[in-house]
1. Which of (1) free of Cβ contacts under 8 Å to residues at least 60 places away in the same chain; (2) touching a strand residue (DSSP E or B) at 6+ places or on another chain (Cβ under 7 Å) is the odd one out, the single condition residue 49 does not satisfy?
2. Can you list the helices (runs of 4 or more DSSP H) lying wholly within region 1-87 that have 3 or more residues being buried (at least 17 other Cβ atoms within 10 Å of the Cβ)?
3. Failed condition for residue 77, given (1) in contact (Cβ under 8 Å) with a residue 12 or more places away in the chain; (2) touching a Ser or Thr at 6+ places or on another chain (Cβ under 8 Å); (3) more than 19 Å from residue 51 (Cα to Cα), with all others met?
4. Every residue in region 13-38 that is over 15 Å from the mean Cα position of the chain (by Cα), among the aliphatic types (A, V, I, L, M) and under 23 Å from residue 83 (Cβ atoms), please.
5. Would you confirm whether or not region 64-78 contains a residue that is among the hydrophobic types (A, V, I, L, M, F, W, C) and under 22 Å from residue 117 (Cβ atoms)?
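Read-outs throughout are calculated quantities, based only on the coordinates presented, and are distinct from any laboratory measurement. Keep in mind the model is a prediction, meaning the values are calculated, not measured. As a convention, Cβ positions derive from the backbone with ideal geometry for all residues, glycine included, and neighbour counts pool all protein chains shown.
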Amino acid sequence: MSKDSLVTSVLRYIRDHLHEELTLEKMAEELNYSRFYMARTFAERTGCTLYQYIRGRRLTLAAEKLVNTAGPIVEIAYEAGYGSQQAFTLAFHKMYGCTPQEYRIRGVFVPKQAEISLCGGFRAGSSTIDSRRIAA
């Protein structure tokens, strides 16, 4: 399997299991690769670590839920894989520059971590969007 095929398989696995507990060991076992090779190849091809990508995808989906639903923030935090609302708020603030409550009040969803797709050996959609550069 080529490195791009491996990364595509990893991305598919993450997409299909994003709402579950994801560990490097479990992914490596499921995909039948060394966790070190898989992690190194993913970072080499995408420009981010597996952990950064998973965290970014979960926070992006949480941001979408904050804007499009009225569910409690603590529930959204747990769905995003955080053990507490405080941990979620810290991670969310680091990525979005505001608290989840402030983001919800703004009411505009800006995806920060798009799904990565490899197109002909090139990565597309792997960078995060800096909303401070977007004119309102």
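1. The number of the failed condition is (2).
2. The helices (runs of 4 or more DSSP H) meeting that bar are 3-17, 35-46, 50-68, 73-79.
3. (3)
4. 27
5. Looking through region 64-78, none of the residues is among the hydrophobic types (A, V, I, L, M, F, W, C) and under 22 Å from residue 117 (Cβ atoms).
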